[in-house]
Each structure stands twice: as C-alpha cells, then as structure tokens.
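Asker: Structure below; questions to follow.
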Amino acid sequence: MRLLAVDPSINSTGLAYFQGGKLDGSETVNVPKDRLDIRLATLANEVRRRCQLFDPNVALIELADRWTRVGKNVEALQMLAMATSAIFTAINFHSQALIYFVPVTDWKGKRRSAEIRREMELLFNVNFPSEHCSDAAGMAHWWMSQQKAKGIIF
C-alpha cells in the first residue's frame, strides 16, 4: 500500500509518503505569495504532480475543525478550507486513491506541532523539513495504528 498524508496550508503544505506502512519520504510544498486563485491553482498543480509520481492507494487529508487554533480566526479557516478543497480535488481527479479526511482533534488533540515533530523524528529516525511534514507523518502513523487495531495490516 502506498499512502500519501497531507497537512494542508495555503502557504506551506506538508506531505508524507508511506509504502508498506513505512515512511518513504516527506516534503513541503511552498506556495509563493500571489493572488488567491493563483496560489490555489499552484497548490493543486503541485499536489497533482506528486500524486502522479507517487500513485497513492490511500490519501489522508488533515481536516481542521473549530477547536484548532486556526479555527478561532475565520479568515484563516476559510483560506485553509480552500486549500484543503484544492488538495482534495487534485488527489481525487489525478489518482485512484481512497481519500480519508482526518480531523486534527482526532489524531493530534491539543498537542503542539513542535511536540509532534520531536516524537515523529525519534520514531522514524529522520529530520523532517518542516512541522507540516512531521504533522502529516504523525497523522499517517495515528491512522495506520487505528487501522491495525481493526485488524487491517499494511
């Protein structure tokens, strides 16, 4: 199984790639400041390109909810929702992956990204390029653990 985990952002989206349940890599997609429509198109194109190269069977997209810090800022939440939509569309139309939205409060709770990064870097013995990447890896690790608890093995 090839799994792509995505921590969406309009500025800096984290991607983590897993094959057979093991971390295969991670990267950050940085979107230059520009008009919103151009930023969203750039983000979608970058995610599409990576989907075509990696060809995931499963994609996880982190879903922000009202309990997150960004949820207190309506404009930031709207921008994040648009970025999430662009990512979903890119994955949905350019891969055969099953797509799951993972609420951030389900997998992360109230832990901070810096804490997740330290934990994931120790677990995977890797230095992540950004907290967005370690969040994507942490979400994937949590999701795969949940699946294994249900008897699904990768």
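Asker: Taking residue 74 as the residue in question, decide whether it is among the hydrophobic types (A, V, I, L, M, F, W, C), in contact with a helix residue (DSSP H, G or I) (Cβ under 6 Å, 6 or more places away or on another chain) and modelled with pLDDT under 95.
Answerer: So residue 74 does not fit the description; no.
Asker: Still on this model: Looking at (1) over 27 Å from residue 145 (Cβ atoms); (2) surrounded by 13 or more Cβ atoms within 10 Å (Cβ to Cβ); (3) out of contact with any Cys (no Cβ under 8 Å at 6 or more places or on another chain); (4) in contact (Cβ under 8 Å) with a residue 12 or more places away in the chain, which one does residue 49 not meet, given that it meets all the others?
Answerer: Unmet condition: (4).
Asker: May I pose another question? From 75, 62, 121, grab the single residue that is closer than 12 Å to residue 6 by Cβ and of a type in the set (D, E, K, R).
Answerer: 62
Asker: Is it true that some residue in segment 71-83 is surrounded by 21 or more Cβ atoms within 10 Å (Cβ to Cβ) and under 24 Å from residue 20 (Cα atoms)?
Answerer: No, segment 71-83 contains no residue that is surrounded by 21 or more Cβ atoms within 10 Å (Cβ to Cβ) and under 24 Å from residue 20 (Cα atoms).
Asker: Every residue in segment 1-35 that is in a loop (DSSP other than H, G, I, E, B) and touching a Ser or Thr at 6+ places or on another chain (Cβ under 8 Å), please.
Answerer: Residues satisfying the conditions are 8, 31, 32, 34.
Asker: Scan segment 1-35 residue by residue and report those that are at pLDDT below 95 and under 10 Å from the mean Cα position of the chain (by Cα).
Answerer: Within segment 1-35, just 9 meets the criteria.
Asker: Name the residues in segment 113-130 that are without any contact (Cβ under 8 Å) to a residue 24 or more places away in the chain, over 18 Å from residue 143 (Cα atoms) and either touching a helix residue (DSSP H, G or I) at 6+ places or on another chain (Cβ under 8 Å) or not in a helix (DSSP H, G or I) (or both), would you?
Answerer: Across segment 113-130, the qualifying residues are 114, 125, 127.
Asker: So which residues in segment 36-69 are of a type in the set (Lys, Arg) and under 15 Å from the mean Cα position of the chain (by Cα)?
Answerer: Within segment 36-69, 48, 50 meet the criteria.
Asker: For residues in segment 84-130 being in contact with a strand residue (DSSP E or B) (Cβ under 6 Å, 6 or more places away or on another chain) and among the aliphatic types (A, V, I, L, M), which is surrounded by the most Cβ atoms within 10 Å (Cβ to Cβ)?
Answerer: 87
Asker: A further question follows. Quickly run through segment 36-71 and pick out the residues that are at pLDDT below 95 and either among the β-branched types (Val, Ile, Thr) or outside any helix (DSSP H, G or I) (or both).
Answerer: Selection gives 63, 64, 65, 66, 67, 68, 70.
Asker: Further question: Yes or no: segment 137-154 includes at least one residue that is at pLDDT 95 or above, more than 21 Å from residue 24 (Cα to Cα) and in a helix (DSSP H, G or I).
Answerer: For segment 137-154, residues at pLDDT 95 or above, more than 21 Å from residue 24 (Cα to Cα) and in a helix (DSSP H, G or I): absent.
Asker: Might you let me know whether segment 126-134 holds any residue that is in contact with a Ser or Thr (Cβ under 8 Å, 6 or more places away or on another chain), under 19 Å from residue 17 (Cα atoms) and polar (S, T, N, Q)?
Answerer: For segment 126-134, residues in contact with a Ser or Thr (Cβ under 8 Å, 6 or more places away or on another chain), under 19 Å from residue 17 (Cα atoms) and polar (S, T, N, Q): present.
Asker: Being buried (at least 20 other Cβ atoms within 10 Å of the Cβ) and hydroxyl-bearing (Ser, Thr, Tyr) is the filter; apply it to segment 10-45 and report the residue that is farthest from residue 130 (Cα to Cα).
Answerer: 17
The values are calculated or read from the model by the stated rules, or taken from the named source; none is laboratory data. Values in this document were obtained by computation on a predicted structure and should not be read as measured data. Ideal geometry is used to build each Cβ from the backbone, glycine not excepted, and the neighbour counts take in all protein chains shown.
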